[in-house]
Amino acid sequence: MGEEELTYVTDAFKSNWIAPIGSYIDLFESKLSEVTQVNQVAVFNSGTASIHLALKLLNVQTNDIVLCQSLTFAATVNPVVYQNGTPVFIDSERETWNMCPTQLEIAINKYISIGKKPKAILLVHLYGMPAKINEIVAIATKYNIPIIEDAAEALGSKYNGNPCGSFGKYGVLSFNGNKIITTSAGGALLSNSKKDIDKAKYWASQAKDPALHYEHTELGYNYRMSNILAAIGVGQISVLEERVKRRREIFEIYKKQLSNFKGISFLEEAKGFYSNRWLTTILIGDLAITPEKLIEVLAKENIESRPLWKPMHLQPFYKEFDFIGDGVSESLFNHGLCLPSGSNLTNEEIFRVIKVIKKI
């Protein structure tokens, strides 16, 4: 937490606006619009809820195909199943670790050939690294398939100077406790369509019709964000640039200290790519140690590290769904590791992590 959040939360308490309505919700949405350069923003109780509502806006229904990035957290994909849609998993490419444009087009043509044109493309900017947006947008435009852009890990990241979350028909953010800014729990849906955002807000408020009594003509959800959490968000967003700067500093320290090991590699930025470096990740190869062993050694020193996301097509729940690819995401999972990357890490703590890695 920064220094302003408690002031705003206290103000919300004093005003007695603690429910899912109030001035801080409006202010948080306005500030997010400025940061993302997207005209319309609605804040909800999670990024998952935001993806769900984006799928509803695209009218994803039973058996509709949604092309999903396999290398991601389950929250990206689960809403497809909420809608009874069918996720088809697309492999990653090695330059950004995100959805591979080549495999994406193969998947599109496969399903068009059997009369099941995909309803949406659901891509992710993994660990804050922008996907190959130009190529993916060109493919989506060619086949007239809308993009939902999961920028949950990429607030503050940019591609050719434009914010992640601003390229698709809909963008999604997350303010979960582990994100670069947090409201403890929360998310946002981004769109340049006021009509669509208004509809999403309607669904998120139990689909209450404008009547004196409680009238419902559609299925609704309780997806709203409280004014208290939005007050936290207003304080958090004021330090976003500072947080991104610190995460990038942390990445550079790790890279400078560990790049001399031939078996350790880092996810680099290509020209035009700007990552918030939400997490510093490494790949371990050609070393007499596995990521699992390194996680174990670090844990003995009270240092938490984690594997990369396990690809969705390898998850027990999703193993029966189609996968289009050549094994890149599985290879990344088998060789990847997330290092401690929190904005409040001191240099002393970072060098303690580095010391343990160098020792082993």
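Couple of notes before you dig in:
- Part-to-part distance (alpha-carbon centres) for region 200-240 and region 304-342, which is given in Å: 33 Å
- Modelled spin labels at residue 209 and residue 15, positioned 7 Å past Cα toward Cβ, are 3.2 nm from each other.
- Environment charge of residue 171, counting only residues whose C-beta is closer than 10 Å and scoring Lys/Arg +1, Asp/Glu -1: -1
- Residue pairs exceeding 21 angstrom between C-alpha atoms, taken from 300/358; 142/194; 179/245; 169/199; 158/179; 255/358: 142/194.
- Cβ-placed point charges (K, R +1; D, E -1), dipole of the chain about Cα centre in debye, nearest 20: 360 debye
- Ranked packing of 9-18, 174-183, most packed first, by mean Cβ within 10 Å: 174-183, 9-18
- Relative packing of 74-80, 215-221, which averages over residues the other C-beta atoms within 10 Å, highest first: 74-80, 215-221
- Region 248-294 and region 29-51 have their alpha-carbon centroids 30 Å apart.
- Stretch gain in nm, segment residue 1-residue 286, where the contour uses 0.36 nm per residue and the Cα spacing is subtracted: 98.6 nm
- Close amide-amide hydrogen proximity is noted between residue 280 and 339, each under 5 Å apart and 5 or more residues distant or on a separate chain (H modeled in the peptide plane; Pro and chain starts excluded).
- Surrounding net charge for residue 101, when Lys and Arg each add one and Asp and Glu each subtract one, Cβ distance under 14 Å: -3
- Computed from the Cβ-Cβ distance with R0 of 35 Å, the FRET efficiency linking residue 331 to residue 59 stands at 0.45.
- Between the amide H of residue 21 and those of 227, distances stay under 5 Å, these residues lying 5 or more places away or on another chain, with hydrogens modeled in the peptide plane.
- For the pair residue 271 and residue 256, label points projected 7 Å from Cα toward Cβ lie 2.7 nm apart.
- Dipole size of region 233-294 about its Cα centre, with +1 on Lys/Arg Cβ and -1 on Asp/Glu Cβ: approximately 100 debye, rounded to the nearest 20.
- Here residue 14 is the anchor, and the aspartates and glutamates within straight C-alpha reach of less than 20 Å, apart from those fewer than 8 places off in the same chain, are 3, 4, 5, 26.
- Between residue 317 and residue 304, the modelled label-to-label distance comes to 2.1 nm, taking each label 7 Å out from Cα in the direction of the beta carbon.
- DSSP-defined beta bridges in the chain - what % are antiparallel, rounded to 5: 60 percent
- Using just its DSSP H runs of length 4 or more, each adding -39500 (n - 2.57), the chain gives a mean residue ellipticity at 222 nm of -12000 deg cm²/dmol after division by all residues.
- Under 12 Å, Cβ to Cβ, from residue 277 - net charge with Lys/Arg +1 and Asp/Glu -1: +1
- Based on the Stokes-Einstein relation at 4 °C and a viscosity of 1.567 mPa s, and on the Kirkwood radius from alpha carbon pairs, region 1-127 is assigned a translational diffusion coefficient of 76 µm²/s.
- Projecting the Cα atoms of 163, 214, 33 onto the charge dipole of the chain (Cβ charges, centred on the Cα centre) puts 163 farthest toward the positive pole.
- The calculated FRET efficiency for residue 142 paired with residue 219, based on their beta-carbon distance and R0 = 30 Å, is about 0.30.
- With R₀ fixed at 51 Å, the C-beta to C-beta distance from residue 359 to residue 109 puts the FRET efficiency at about 0.50.
- Whole-number D in µm² s⁻¹ for the chain, Kirkwood Cα-pair radius fed into Stokes-Einstein, 37 °C, 0.692 mPa s: 155 µm²/s
- q = 0.09, 0.15, 0.22 Å⁻¹, region 240-359: log10 I(q)/I(0) [Debye, one scatterer per Cα]: -0.28, -0.75, -1.32
- Paramagnetic label zone (point 7 Å from Cα along Cα-to-C-beta, residue 352; backbone N under 20 Å) in region 303-322: 303-306
- What you get for region 240-359, charging only the Cβ of Lys and Arg (+1) and of Asp and Glu (-1), is a dipole of about 480 debye around the Cα centre.
Each value in this text was obtained by applying a stated rule to the coordinates, not by laboratory testing. Just so you know, these numbers come straight off a predicted model, no measurement behind them. Positions of Cβ are generated from backbone atoms using ideal geometry, with glycine treated the same way; all protein chains shown enter the neighbour counts.
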